[in-house]
Amino acid sequence: NTYKTIYKPDDLLQITISTDDVESSQPFNLPVVTFSSTTNSVIGTPKQQDYLVDKDGFITFPVIGKLKIGGLTRFEAVNLLKSKLIPAHLKKAIINIRISNFKITVSGDVKKPGTFTIPYERITILDAIGLAGDLNISGQRNNVLVVREENGKKTQYRVNMLSNKIFTSPVYYLQQNDFIYVEPNTSKVQSAAYNPNYSVLISISSVLISLISILTRK
């Protein structure tokens, strides 16, 4: 299984254009600045501009205009930008693209469920489970659910964490906004049903409701 990032709607992309001639690349590296209304001066340190991938997969890039980035891999997106910039605007350029809002969610029968922002993008399902503190002893390791949005639709994958086939699974390397859900085993669900205070049952029910919401969200 090979790692690759595929850009999707709602991604925030940080695109940096580097050249030997800094002045010529400046129009393509727009900073984001905050101005004071009283002094009309810049507040804080300027940050790199982020470009939102819209619902149709387009970004609006300086000078060039609208570009269809959605559905492309990093390699394809870099080559597209190079074809638009060279030689029309620049003689040569090094292009770096980073997703600034790359995140994954781990829920269910794990020690520390939550949503995690990933600064480096390359993350495996094993890494994600590690971020969540590993599965509880009652978590089902042989039937982990991964929900991924592909071509505007929610796709479900089942992963056996105990099998070496996990390394060839299409969800071994996670994509931005992937949702991982670990189901509790049958004995835990049954014990929760007979618990007088229902605290565990309520917790499991809330996770299932969240999962249903994600699966049906458009």
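The values are calculated or read from the model by the stated rules, or taken from the named source; none is laboratory data. Since we're looking at a predicted model, the values are computed, not measured. With ideal geometry, Cβ positions are generated from the backbone for all residues, glycine too; neighbour counts draw on all protein chains shown. In case anyone asks, the SASA skips ligands and DNA or RNA and just uses the protein heavy atoms, side chains included. Shrake-Rupley method; radii C 1.70, N 1.55, O 1.52, S 1.80 Å.
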Q.
What does the extension gain come out to for Ser24 and Ser100, with contour length at 0.36 nm per residue minus their alpha carbon separation?
A. 24.9 nm
Q: Filter the cross-link list Lys55/Lys111; Lys66/Lys92; Lys8/Lys47; Lys111/Lys165; Lys55/Lys165; Lys55/Lys82 down to pairs whose alpha-carbon distance in this structure exceeds 27 Å.
A: Lys55/Lys111; Lys55/Lys165
Q | Principal axis box of region 113-153, alpha-carbon based, largest edge first, Å | A | 35, 25, 16
Q | region 3-8 - phi-based ³J(HN,Hα) in whole Hz, Karplus 6.51/-1.76/1.60, Gly and Pro as x | A | 8, 7, 9, 10, 6, 9
Q) Can you give the accessible area of Tyr181, probe radius 1.4 Å, in Å² rounded to 10? A) 10
Q. For Lys82 and Gln156, what does the FRET efficiency come to when R0 = 30 Å and r is the distance between their Cβ atoms, rounded to the nearest 0.05?
A. 0.25
Q: Figure the gain on full extension for Lys66 and Thr117 (residue separation times 0.36 nm, minus the Cα-Cα span) and round it to one decimal in nm.
A: 15.6 nm
Q | Accessible area per residue in Å² at 1.4 Å probe, computed on region 74-126 | A | 55
Q: Please compute the Cα-Cα pair-distance distribution of region 41-119 with 10 Å bins starting at 0, giving whole percents from short to long.
A: 14, 36, 27, 17, 5, 1
Q | Qualifying aspartates and glutamates (Cα of each under 17 Å from Cα of Lys84; at least 8 residues distant if same chain) | A | Glu76
Q: Name the residues whose placed amide hydrogens come within less than 5 Å of the amide hydrogen of Leu174, ignoring near sequence neighbours (fewer than 5 apart) on the same chain.
A: Ile123, Thr124, Ile125
Q: Name the long-range amide H neighbours of Gln48: under 5 Å, sequence gap of 5 or more, or other chain; modelled H, no Pro or chain starts.
A: Val32
Q. What length, rounded to one decimal in nm, is gained on full extension from Asn185 through to Asp10, with 0.36 nm per residue of separation minus their alpha-carbon distance?
A. 59.5 nm
